[in-house]
Amino acid sequence: MGQSINLNTSRMQCIGAYLAKPSGTPRGGIVVVHEIYGINAWVHSVVERFAEAGYTAIAPVFFDHVERDVALGYDEESTRRGRQLVGEVGFELAVEDVASAAEAIASAGRIGCVGFSWGGSIALLAATRLALPAVSYYGSRNVRVMDEAAQAPLMFHFGARDDSIPPAAIARHREAWPQAEIFVYPGARHAFDRDGSAEYYHADSAHLARQRTLDFFARHLCGGA
């Protein structure tokens, strides 16, 4: 269903992106922001899942600014490399790329954003800086931008057993964005949605969070239709 394309960015540099379109008229568009592991098979599956739900979905390859075609596994060395790459890309450039991706699929209708882990924090910034309705999955870097006001609806998903996001941090989210929908899943750890990683995947939490995410986008991108 999906295809790799080139995406023009605000800095006159093309990066890659993975794009999938629905079989019929789009209900809207969704920019998918990957974890620190780049565009791998799991990210492809997330993009395709949203296309199956009726949305035009696109995942920019943010790491192309530093190194082309990065698709990491989940081992210790990949994690170290992924952290290095997100440090080099940074928040500002990633948010610019989200804006470029949103523009690229503007013909689909209203655009939202969803992100995971590092990408969860970029999705949050899409709501505070780009006014895109956004869903943030376990963004442990969210605490860096607690002073930014939301300009669009927000939804957060957290695992109750996520060591990188303690209860106090979740409480700070409720204080910073009281209008946001915030869900905490008992038994779930960090990366609980990643069904390609048996160590972290928590099926019940993932399925419920996915349904809530689809309901969110139905309300805010296509008026609940």
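Apolar share of the accessible surface for the chain: 48 percent from carbon plus sulfur atoms, 1.4 Å probe. Pairwise Cα separations in the chain fall into 10 Å bins from 0 onward with the following percentages, short to long: 9, 37, 40, 14, 0. Given a Förster distance of 22 angstrom, what is the FRET efficiency for D215 paired with R174, based on the Cβ-Cβ distance and rounded to 0.05? Efficiency at R0 = 22 Å is approximately 0.65.
In this simple spin-label approximation, D163 and N8 carry label points 7 Å from Cα along the Cα→Cβ vector, and these lie 4.7 nm apart. Say a paramagnetic label sat at a point 7 Å from the Cα of C222, along Cα to Cβ; which residues of segment 2-45 have their backbone N under 18 Å from it? Residues passing the 18 Å test: 2, 20-32. In this label model, A198 and Q151 are separated by 4.5 nm, measuring between points 7 Å along each Cα→Cβ vector. Ignoring the sites themselves, the chain has its longest run without GluC sites (Glu not before Pro) in a DSSP loop having at most 13 other Cβ atoms within 10 Å at 68-198.
Note on segment 1-123: Rg/Rh from Cα positions, Kirkwood definition for Rh, rounded to two decimals, is 0.95.
The magnitude of the dipole of the chain, with charges of +1 and -1 set on the Cβ of Lys/Arg and Asp/Glu and taken from the Cα centre, is near 480 debye. Loop-located trypsin sites (Lys or Arg not before Pro) across segment 21-124 with a Cβ neighbour count of 14 or fewer within 10 Å are R68, with loop assigned by DSSP. Taking Cβ atoms as reference points and 9 Å as the exclusive limit, the residues near A191 contribute a net charge of -2, counting Lys and Arg as +1 and Asp and Glu as -1. By the combined test of axial Cα extent (at least 15 Å) and Kyte-Doolittle hydropathy (mean at least -0.5), the qualifying DSSP H helices of the chain come to 41-52, 76-104, 118-129, 203-222. With protein chains left intact and a 1.4 Å probe, residues in the chain average 42 Å² of accessible area per residue.
By the scheme Lys and Arg +1, Asp and Glu -1, what is the net charge of all other residues having a beta-carbon under 12 Å from that of A51? Residues close to A51 contribute a combined charge of +1. The Cβ shell under 12 Å around A71 holds other residues with a net charge of -2, Lys and Arg each +1, Asp and Glu each -1. Counting only DSSP H runs of at least 4 residues, each contributing -39500 (n - 2.57), and dividing by the residue count of the chain, the helix-based mean residue ellipticity at 222 nm comes to -12500 deg cm²/dmol.
The values are calculated or read from the model by the stated rules, or taken from the named source; none is laboratory data. Keep in mind the model is a prediction, meaning the values are calculated, not measured. Heads up, the Cβs are rebuilt from the backbone with ideal geometry, glycines too, and the neighbour counts pull from every protein chain shown. Surface accessibility is based on the protein's heavy atoms, side chains included, excluding ligands, DNA and RNA. Shrake-Rupley method; radii C 1.70, N 1.55, O 1.52, S 1.80 Å.
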